[in-house]
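First comes the structure, then the notes that go with it.
The values are calculated or read from the model by the stated rules, or taken from the named source; none is laboratory data. All values derive from a computational prediction rather than experimental measurement. Reconstructed Cβ throughout: ideal geometry from the backbone, glycine too, with neighbour counts over all protein chains shown. Calculation scope for accessible area: heavy atoms of the full protein, side chains included, ligands and nucleic acids excluded. Shrake-Rupley method; radii C 1.70, N 1.55, O 1.52, S 1.80 Å.
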Amino acid sequence: MKRRVSTPLKLGNVTIGGSAPIVVQSMTTTDTRDAQTSINQIRQLEDCGCEIVRVAVPDNDAAKAIAAIKKGISIPVIADIHFDYRLALAALQAGADGLRLNPGNMQSKEGLRSVVAMAKEREIPIRTGVNAGSIPAEFEPDIPQSDRMVHMALNQVKLIEDMDFNLIKVAMKAFDVPTTIEAYQKISDKIPYPLHIGITEAGLPMAGSIRSAVGTGILLYLGIGDTVRVSLSAHPCREVEAAYEILKSLGLRQRGPVMVSCPSCGRAEIDVIALAEVVDKYLKGIEKPIKVAVMGCMVNGPGEARDADVGIAGGKGKGIIFKKGKIVKTWAEKDLVDALKSEIDLL
Ligand code: SF4
């Protein structure tokens with residue numbers, strides 16, 4: 001995979017773009033004005049690997065709360081602003097590490113100018129771009145949606161470039177996967193800025209993760225994308241976990257173990273699904289980048305998962321532990337999971 005070359009920028013202590021690792025983002029679901037509850041959720045996000053968090057800033061109290069929130073967390077905060085430049089100024093004054101806004105939506109151009117000036121002085125990046133659903137119907141109605149997205153995003157970018165600002169990150173989200181991919185492909189060689197990718201409003205965890213994996217997975221494989229958010233109707237930690245699974249699937253990031261588990265079949269001599277769920281839960285607390293297998297039968301399991309660092313395969317009332325395809329020991333079925341846990345701890 002050859003990665004698109006983008007101009008890196010710093011958001012707090014995180015580098016986005018260039019040759020930096022692709023950054024995983026999420027967004028709080030808490031009321032930003034409730035600083036302590038927001039801190040608690042962001043700490044959970046930090047624990048599950050979130051590297052940048054966005055918070056909604058619907059009013060001045062939310063903007064001010066960013067100062068208190070930042071004291072309780074360690075990852076950079078992006079303030080999500082709609083329409084009102086004064087909230088962007090208040091968020092910057094409260095210490096936001098980044099802004100997400102669409103300059104074209106700012107009713108006051110002088111206000112926008114003051115936001116851009118303060119962001120420049122403080123070296124705070126601005127994410128701009130377009131969400132397909134928010135393009136006005138009268139905007140270039142006769143061309144393909146992906147072209148409308150590109151043109152609208154370029155308009156947003158130009159507004160702040162013309163104010164001599166270039167700490168820019170661009171996102172172009174849509175729910176429709178082919179449209180999103182086309183839009184990112186079309187804009188990718190027109191601007192030098194890092195691209196934030198995702199499929200917007202992707203849905204509940206199952207469908208949303210798959211939709212996001214298809215959309216962001218194809219883009220990442222094409223070398224497009226410097227930060228990613230999986231947008232799910234779920235606790236934001238699920239978004240982060242899904243994002244890492246996508247990045248791990250493409251070999252772009254390593255974080256914690258990868259679990260291989262067979263789908264089970266008529267040859268299974270153990271309840272693979274129940275076992276896999278127990279092992280998956282245990283692996284959530286492990287940081288080592290190992291591969292662990294849970295397989296249903298001794299005949300095929302070790303061979304099918306021969307690249308796993310350690311694995312188990314079921315037998316009749318018993319099971320085996322194997323490493324890199326080689327059987328290490330046989331255990332009674334009731335002791336198999338504990339034995340696997342011990343082997344994982346030793347790796
Ligand atoms: Fe079936 Fe065994 Fe393969 Fe699992 S490992 S799918 S039980 S043959």
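Brief remarks follow.
- Sorted from greatest to least, the principal axis extents spanned by the alpha carbons of region 1-66 come out as 42, 25, 17 Å.
- The simple spin-label model puts a point 7 Å past each Cα toward its Cβ; for Gln107 and Asp164 those points are separated by 2.9 nm.
- Protein accessible area in region 197-347, 1.4 Å probe - carbon and sulfur %: 55 percent
- Taking the average, over residues, of other Cβ atoms within 10 Å as the packing measure, peptides 117-126, 295-304, 216-225 rank 295-304, 216-225, 117-126 from highest down.
- Candidates Ala62, Ala332, Ala305, ranked by Gaussian network fluctuation over the chain, Cα under 10 Å, top entry: Ala332
- In Hz, Karplus ³J(HN,Hα) per residue of region 64-80 (6.51, -1.76, 1.60; θ = phi - 60°; x = Gly, Pro): 5, 4, 4, 4, 5, 4, 4, 5, x, 9, 10, 9, x, 10, 9, 8, 9
- Between Gly317, Gly72, Gly198, the Gaussian network model of the chain with springs among Cα atoms under 10 angstrom shows the greatest mean-square fluctuation at Gly317.
- Gyration tensor verdict on region 198-238 (Cα atoms; rounded if a/c is under 1.5, prolate if a/b is larger than b/c, oblate otherwise): prolate
- Sorting the Cα pairs of the chain by distance into bins of 10 Å, from 0 upward, gives 6, 23, 28, 21, 12, 8, 2, 0 percent per bin.
- Residue among Arg54, Arg306, Arg267 with the largest mean-square fluctuation in a Gaussian network model of the chain, springs linking Cα atoms under 10 Å: Arg267
- R0 of 30 Å, Cβ-Cβ distance Ser233-Arg3: FRET efficiency to nearest 0.05: 0.50
- For q = 0.12, 0.15, 0.28 Å⁻¹, Debye-computed log10 I/I(0) when each Cα of region 287-347 counts as one equal scatterer: -0.22, -0.35, -1.18
- Its Cα gyration tensor gives region 63-170 an equivalent ellipsoid, and the semi-axes of that ellipsoid, as √(5λ) in whole Å with the largest first, are 27, 14, 12.
- Whole-number D in µm²/s for region 8-130 (Stokes-Einstein; Kirkwood sum over Cα pairs; 4 °C, 1.567 mPa s): 90 µm²/s
- Length gained on full extension, Arg267 to Glu123, computed as 0.36 nm times the residue gap minus the Cα-Cα distance: 45.8 nm.
- Probe 1.4 Å, accessible area per residue of the chain, Å²: 45 Å²
- Angle between the chain longest axis and helix 236-249 axis [Cα atoms, degrees, rounded to 10]: 70 degrees
- The portion of the accessible surface of region 27-112 made up by carbon and sulfur, rounded to a whole percent, is 46 (1.4 Å probe; DNA, RNA and ligands excluded).
- Here is the short version for the chain: Cys50, Cys262, Cys265, Cys297 have no other Cys C-beta closer than 4.7 Å.
- The label-point distance for Lys248 and Ser74, in a model that sets each label 7 Å from Cα toward Cβ, rounds to 2.1 nm.
- Area of Glu241 that stays accessible when all protein chains are in place (1.4 Å probe, Å², to 10): 60 Å²
- Cα gyration tensor category, rounded, prolate or oblate, for region 122-185 with a/c compared to 1.5: prolate
- For Tyr221 and Asp147, a Förster radius of 30 Å and the Cβ-Cβ distance give a FRET efficiency of 0.85, rounded to the nearest 0.05.
- The chain: angle of helix 177-188 to the longest principal axis, Cα-based, in degrees nearest 10: 60 degrees
- Length gained on full extension, Lys334 to Val278: 18.9 nm, using 0.36 nm per residue less the C-alpha separation.
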